[in-house]
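Only one structure is covered here, and it is reproduced in the block below.
What follows draws every value from the coordinates through simple rules; no lab data is involved. As the structure is a computational prediction, the values presented were derived from the model and not from experiment. With ideal geometry, Cβ positions are generated from the backbone for all residues, glycine too; neighbour counts draw on all protein chains shown.
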Amino acid sequence: MYDAIVIGSGIAGAAAARILAEEQNKSVLVLEKKAHIGGNCYDEEDAHGVLIHRYGPHIFHTSDEEVYAWLSRFTDWYAFGHEVVAKVGEKLIPVPFNLNTLRQVYGEEKAAVLEQKLKDTFGEGARVPILKLREQQDPEIQAIADYVYENIFLKYTMKQWGQKPEEIDPAVTGRVPVVISHDNRYFGDKYQGMPKDGYTPMFEKMLDHPLIEVRIGVDARDVMELLEDTGKVLLYGEEFNGCVIYTGPVDELFGCRFGRLPYRSLRFDFEHLDVPDYQGHSVVNYTVSEDFTRITEFKYLTGQETDGTTIVREYPFAYTGAEGEIPYYAIMNPENNKLYESYAALTEQFPDFHLLGRLAEYKYYNIDAMAGKAIALARSLAEH
Ligand code: UDP
């Protein structure tokens, strides 16, 4: 009845489903466990009419022309350069740490000298991961590295990951490098902003195709069976011979038989305030104090004009798999990656079964990279 099953309707699943239907004429069944589409990009108006991101702030940014053009078929954009500040004592300083932050921390005169040294060492416009900066021998650069490490990375990373910056995958802290420029924007990409009417309408449009059927509130594990003795897939009890794209956690497909894959989760604490402004910024990172990592004030992300304002605080914790918890971030390290590989290997006995996405690939994808990967995977299935 269907040519393909896509499990999950986040950016991975939705983009893949669209390509399968539109470019390959496949009939696609999308199964979504949540009560809505869009995965963790999902946004909606809260009880006060403020557009919020239910699963934390998602800011689109890309330099990939093809992905940008493809997504632009499903939405217009509210283009803006996202900026983040960190609350350090009484000060709000720009993050990523850049030459403006340097000026704020060291004062004009000292900063001018250090700025020249940083430019001479790394080149103007360079983006230097904090762990690389810390390897520098020059005492003045070391002092900057110590400041950035102590005031921006150490406590935030301890809260977010339960580990120190040097203990986690270097690519994670490398996402927020020290930037040798006066650009305060959080991302360096050519295109940045938000879907003009929100993410949810963008996903609705992407999934709106005559060959795509979406069933929400359906846990794939209740309707799909993987028969390990024969390598067959059953859908609603009947043999299914089409392709399956799975975007959920792979351990759950096999009863977590080797132990649970570790992920970090988050608790989101939303608050609405009857004032027009709370913090004057879209995101304030709490890098030296508090139990939460950051506060997002949505109206500054979306450009929405409202009388009141809604904010959200993020409290990280270790995912346990308990009912209601959501895995957000894979904790990539050699041990966990090995465990992941042992689960991924179990899927290889199913000839047309594909793992895709943050959860299923145990990776840290941005929205654009995920869309690009989903499009490429779906196109590669053309011959099947
Ligand atoms: N990070 C930090 N302090 C900051 C911002 C980021 O220590 O002020 C570190 C932290 O380890 C975080 C990582 O850099 O998990 C990546 O940050 P990013 O903002 O990309 O995280 P996301 O928005 O994806 O949660």
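Numbers at a glance
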{"quantity": "Rounded tilt (10° steps) of 108-122 against the dominant C-alpha axis of the chain", "calculated": "50 degrees"}
{"quantity": "Length gained when the stretch residue 376-residue 234 is fully extended (0.36 nm per residue, less Cα-Cα span)", "calculated": "48.5 nm"}
{"quantity": "Charge dipole (the stretch 225-344, unit charges on Cβ, about Cα centre) - positive-most of 312, 286, 331", "calculated": "331"}
{"quantity": "Top positive-direction residue, dipole computed over the chain with Cβ charges, set 12, 357, 179", "calculated": "179"}
{"quantity": "Gap separating the Cα centres of the stretch 324-384 and the stretch 196-274, nearest whole Å", "calculated": "12 Å"}
{"quantity": "Given charges at beta-carbon only (K, R positive; D, E negative), |dipole| of the stretch 1-71 in Debye", "calculated": "320 debye"}
{"quantity": "The chain: angle of helix 367-380 to the longest principal axis, Cα-based, in degrees nearest 10", "calculated": "30 degrees"}
{"quantity": "Evaluated at q = 0.07, 0.09, 0.15 Å⁻¹: base-10 log I(q)/I(0), Debye formula over Cα of the chain", "calculated": "-0.35, -0.58, -1.40"}
{"quantity": "Zone residues, the stretch 72-97, relative to residue 289, backbone N less than 19 Å from point 7 Å out along Cα-to-Cβ", "calculated": "85-95"}
{"quantity": "Farthest toward positive dipole pole in the chain [+1 Lys/Arg, -1 Asp/Glu at C-beta], among 50, 128, 79", "calculated": "128"}
{"quantity": "Sequence-separation-based contact order of the chain, relative, with Cα cut under 8 Å and 6+ spacing, percent", "calculated": "26 percent"}
{"quantity": "Protection proxy ranking, peptides 151-157, 180-186, 123-129, average beta carbon neighbours within 10 Å, highest first", "calculated": "151-157, 180-186, 123-129"}
{"quantity": "Per-pair calculated FRET efficiency, R0 = 45 Å: residue 48 and residue 91 via Cβ, rounded to 0.05", "calculated": "0.90"}
{"quantity": "Under-5 Å amide H pairs with residue 6, H placed in peptide plane, nonlocal only", "calculated": "29, 30, 31, 245"}
{"quantity": "Only Lys, Arg (+1) and Asp, Glu (-1) charged, at Cβ; the stretch 175-265 dipole about Cα centre in debye", "calculated": "640 debye"}
{"quantity": "Reachable aspartates and glutamates from residue 155, criterion Cα separation under 15 angstrom, eight or more residues apart if same chain", "calculated": "146, 166, 167, 290, 291, 314"}
{"quantity": "Computed over the stretch 1-105, Kirkwood Rh from alpha-carbon pairs, angstrom", "calculated": "17.2 Å"}
{"quantity": "The stretch 228-384: projected area of the alpha-carbon convex hull, averaged over directions, in nm²", "calculated": "13.1 nm²"}
{"quantity": "About the Cα centre, charge dipole magnitude for the chain (Lys/Arg +1, Asp/Glu -1 at Cβ), debye", "calculated": "640 debye"}
{"quantity": "Intensity falloff of the stretch 269-315 expressed as log10 I(q)/I(0), Debye formula with alpha-carbon point scatterers, at q = 0.26 Å⁻¹", "calculated": "-0.93"}
{"quantity": "Straight-distance crosslink candidates among lysines, where the alpha carbon sits under 21 Å from residue 159 and sequence neighbours closer than 8 are dropped", "calculated": "87, 91, 363"}
{"quantity": "Along each principal axis, Cα extent of the stretch 95-153, largest first, Å", "calculated": "26, 23, 21"}
{"quantity": "Using a Förster distance of 25 Å, the FRET efficiency for residue 336-residue 127 (Cβ separation, nearest 0.05)", "calculated": "0.40"}
{"quantity": "Principal-axis tilt of helix 334-347 within the chain, Cα atoms, nearest 10 degrees", "calculated": "20 degrees"}
{"quantity": "Relative contact order %, the stretch 147-244, counting alpha carbon pairs below 8 Å whose residues are six or more apart", "calculated": "9 percent"}
